[in-house]
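Note sheet for the following structure.
The values are calculated or read from the model by the stated rules, or taken from the named source; none is laboratory data. On a predicted model such as this, the values are computed, not experimentally measured, just so you know. Note that we place each Cβ from the backbone using ideal geometry, even for glycine, and neighbour counts take in every protein chain shown. Just so you know, the surface numbers come from the protein's heavy atoms only, side chains and all, with ligands and any DNA or RNA stripped out. Shrake-Rupley method; radii C 1.70, N 1.55, O 1.52, S 1.80 Å.
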Amino acid sequence: MHICFLINQIAPGGAPTLLLDIIRHTENLDISYTLCVIEGDRSLINEFENADVEVVDFQATFKFDPRALYRMFRFFRRRQFDILHAHLPYSQTLGRVFGRLGSHHTMVSTQHNVPDNYNPVTRTLERLTRRLDTRTVAVSEGVEQAFTGDSARYRRGQQRQWCTIYNGIDVESFRQKVTVADPH
């Protein structure tokens, strides 16, 4: 199976660290990964490459950089993945559009935060393209509820598109860090 992760940037913390953990903990499975980065901080690029991940940088210098958008369009037209998995609203919007233009049939988005924390334009574009997802994942029930609420549209069937999968934790690694940090 070949999975493509699409994310805004790969700075330490949050969603990029979660992706790195997923990759490291699935190394014994028959899965290959490509990580596509749109813009911003690329601090973790070596960590991903050391985990045997193909990293593709679209080199956007600002949001909706037309050169980067063209590179992304060409990339998703030429390459096929079993799953295109986008993280964060900006990446989700672009991934959904370019993924469909590139004939990607299985598209997953993961919502890591509540919509009120996003720029209104980004939030609106994410909402308008969400129907293109095969599945939308929330990292908590609270995040899912913030996006879906109790609206009639959600009750009419959109809930089948959503599921909650809590972020995992490497318990042994966490225990070791606590032991080292605790002087007692």
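The residues of the chain expose, per residue, 56 Å² of accessible area to a 1.4 Å probe. Comparing Thr164, Thr26, Thr124 in a Gaussian network model of the chain (Cα springs below 10 Å), the most mobile by mean-square fluctuation is Thr26. As an equivalent ellipsoid, segment 31-74 spans semi-axes of 21, 13, 5 angstrom, where each value is the square root of five times an eigenvalue of the C-alpha gyration tensor, largest first. Could you tell me which of rounded, prolate or oblate describes the chain, using a ≥ b ≥ c as the square roots of the eigenvalues of the alpha-carbon gyration tensor, with rounded for a/c under 1.5 and, failing that, prolate when a/b is larger than b/c and oblate otherwise? It comes out oblate by the Cα gyration axes. Figure note: His104, His25, His2 ranked by solvent-accessible area, largest first, 1.4 Å probe, ligands and nucleic acids not counted: His25, His2, His104. Between Ala11 and Arg160, the FRET efficiency estimated from the beta carbon spacing at R0 = 25 angstrom works out to 0.15. Taken along the Cα-to-beta-carbon direction at a fixed 7 Å, the label points for Thr134 and Arg77 span 2.3 nm.
Distance between the pseudo-spin-label points of Asn46 and Gln176 (7 Å out from Cα toward the beta carbon): 1.9 nm.
In the assembled protein chains, Asp52 presents an accessible area of approximately 140 Å² (probe radius 1.4 Å).
When the solvent-accessible area of the chain is split by element, carbon and sulfur atoms take up 53 percent of it, the probe being 1.4 Å.
Can you list the chymotrypsin sites (Phe, Trp or Tyr not before Pro) in segment 1-103 that are in a DSSP coil and have 16 or fewer other beta carbons within 10 angstrom? Walk me through the intermediate numbers first.
On the way: sites: Phe5, Tyr33, Phe48, Phe58, Phe62, Phe64, Tyr70, Phe73, Phe75, Phe76, Phe81, Tyr90, Phe98; in loops: Phe58, Phe62, Phe64, Phe81.
The qualifying sites are Phe62, Phe64.
Accessible area per residue (1.4 Å probe, heavy atoms of protein chains only) ranks Leu88, Leu128 as Leu128, Leu88, with the largest value leading.
How much net charge surrounds Arg71 when only the other residues with a Cβ under 14 Å from the Cβ of Arg71 are counted, with Lys and Arg +1 and Asp and Glu -1? Don't skip to the end; give the middle numbers.
Details: positive: Arg67, Arg74, Arg77, Arg78, Arg79; negative: Glu39, Asp57, Asp65.
Once all neighbours under 14 Å are counted, the net charge is +2.
Between rounded, prolate and oblate, where does segment 37-118 land on the alpha carbon gyration tensor, with a ≥ b ≥ c its root eigenvalues, rounded for a/c under 1.5, else prolate if a/b exceeds b/c? Rounded shape, in that the Cα axes give a/c under 1.5. The relative contact order of segment 1-116 comes to 29 percent, based on Cα pairs under 8 Å that sit 6 or more residues apart.
Of the residues Val114, Val108, ranked by 1.4 Å probe accessible area with the largest first, the sequence reads Val114, Val108.
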